[in-house]
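The structure under discussion appears below in the form of structure tokens.
The values are calculated or read from the model by the stated rules, or taken from the named source; none is laboratory data. All figures in this text were calculated on a predicted structure; none of them were measured in a lab. Quick reminder, even Gly has a Cβ in these numbers, built from the backbone with ideal geometry, and neighbours come from all protein chains shown.
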Amino acid sequence: MDKQTLRHLRFPNVFGVGDINGVPKGKTAASVKWQAPVVVDHLVGEISGKGGTEIYNGYTSCALITKIGQAMLVEFDYENRLTPSFPFIDPLTEHWLPWIIKEKALKATYTAMLRGMA
């Protein structure tokens with residue numbers, strides 16, 4: 001896969017999101033949120049004959065649990081630059097909110113996905 005367009009290198013009409021991409025980073029559900037618009041842009045561009053313009057920067061997110069009730073929400077791109085999407089959460093400081101996100105919201109989402117409900 002081309003790591004910026006998410007286009008297959010040998011089959012130009014094939015695109016991917018998520019784990020199947022083989023990109024250096026961005027193998028999380030949070031990454032898919034950023035990958036999907038890039039793929040849609042390039043698919044629409046392919047169909048219309050104009051080409052896509054969107055670029056995926058490698059965004060990924062890791063909620064690192066440091067202890068019960070505390071976690072760090074670290075978001076970064078291909079160059080390991082911090083790219084926080086929650087301006088009120090310092091990505092390098094333990095906080096209760098990333099723990100809630102990881103333990104309550106994401107766990108339920110992943111379970112629903114495994115059961116085919118999301």
Exercise. Could you check, for region 94-109, whether at least one of its residues is outside any helix (DSSP H, G or I) and of a type in the set (S, T, N, Q)?
Key: no
Expected output for region 1-18 (first residue closer than 10 Å to V38 by Cβ, partner of a type in the set (K, R), Cβ below 7 Å, 6+ apart or cross-chain) is F15/R7
For S61, the lone unmet condition from (1) free of Cβ contacts under 8 Å to residues at least 12 places away in the same chain; (2) small (G, A, S); (3) within 26 Å of I100 (Cβ to Cβ) is (1)
Check: under 22 Å from M113 (Cβ atoms), touching a Pro at 6+ places or on another chain (Cβ under 7 Å) and not polar (S, T, N, Q): does that describe E54?
Finding: no
| task | For region 75-89, state whether one or more residues are outside any loop (DSSP other than H, G, I, E, B), within 20 Å of D19 (Cα to Cα) and modelled with pLDDT of 90 or more. | result | yes
Considering region 45-63, residues that are of a type outside the set (A, V, I, L, M) and part of a helix (DSSP H, G or I), and then whichever is surrounded by the fewest Cβ atoms within 10 Å (Cβ to Cβ), we arrive at S48
